[in-house]
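Values in this text are rule-based calculations from the coordinates and carry no lab data. On a predicted model such as this, the values are computed, not experimentally measured, just so you know.
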Amino acid sequence: MKKINWEIDQDTGKTSLFQKVKWYELGGMASLLVLMYSSHLFLFKDLTLEAILVFNFFALLVHQFEEYGYPGWFPGMLNRRVFDSKYPLHYPLNRRNAWVINVLYGWALYIGSIVFIDRFPALGMACILVSAGNVLAHIGFSIKARRPYNPGLLTSILLFAPVVILYFVYMDPVLSYGDRAFWNGILLGVIANAMIPFLVLILASENSPFEFGARHEVPQFRKFKGYKVD
């Protein structure tokens, strides 16, 4: 019986950088170090915004691994179930815009919120709101796809949601930073969330060579290399 070719490429004879580098696996391994550091902050220091934001970054890395690593079929679900795409392995979400959104944009935003924690607290709130946006988005994906589960839903509920609640209940950002910083954070959070679908769509192409592998397809639609979508 023929085995599934899990990392199919288009018939170009070449493999792109976006197909070679599995950033979500690197992020999954790095999440263990981030978890160790956040645990140190929680255990040996007072509960601070830094500790919450470091754990928020840990949640992001695990969340991305759930989406793209294991079970990993978030791209196929998003393209097929949400956008009703005829090209579920590369449109509108493809390897290139997924890398841009999750690594260049996502990692930079979440790490930046930790680095500039004291000088720019509004950036921290923006990251928390992006996490909250992920919770709402994945619940919406389940409703849209009429499926109880989609990759990213578990980490959204089990990791992102507690972080968001802890931030707003314990930190009370209005009292901590003042009205101006609070509303700046809200505005920045709205913009940060809007950037995600914007980057997906602006970098989307029906002829994109940056195709996902069959392992990123919705399980019941996985087929061998060269399959056509009906």
Extension reserve of the VAL100-LEU187 stretch, reckoned as 0.36 nm per residue once the Cα distance is removed: 29.1 nm
Mean separation of Cα contacts under 8 Å (6+ apart) over length of region 91-230, as relative contact order %: 40 percent
Fully extended contour minus Cα-Cα distance, from MET195 to VAL82, at 0.36 nm per residue: 38.9 nm
Kyte-Doolittle at least -0.5, axis length at least 27 Å by Cα - qualifying DSSP helices, the chain: 23-44, 49-68, 121-145, 179-202
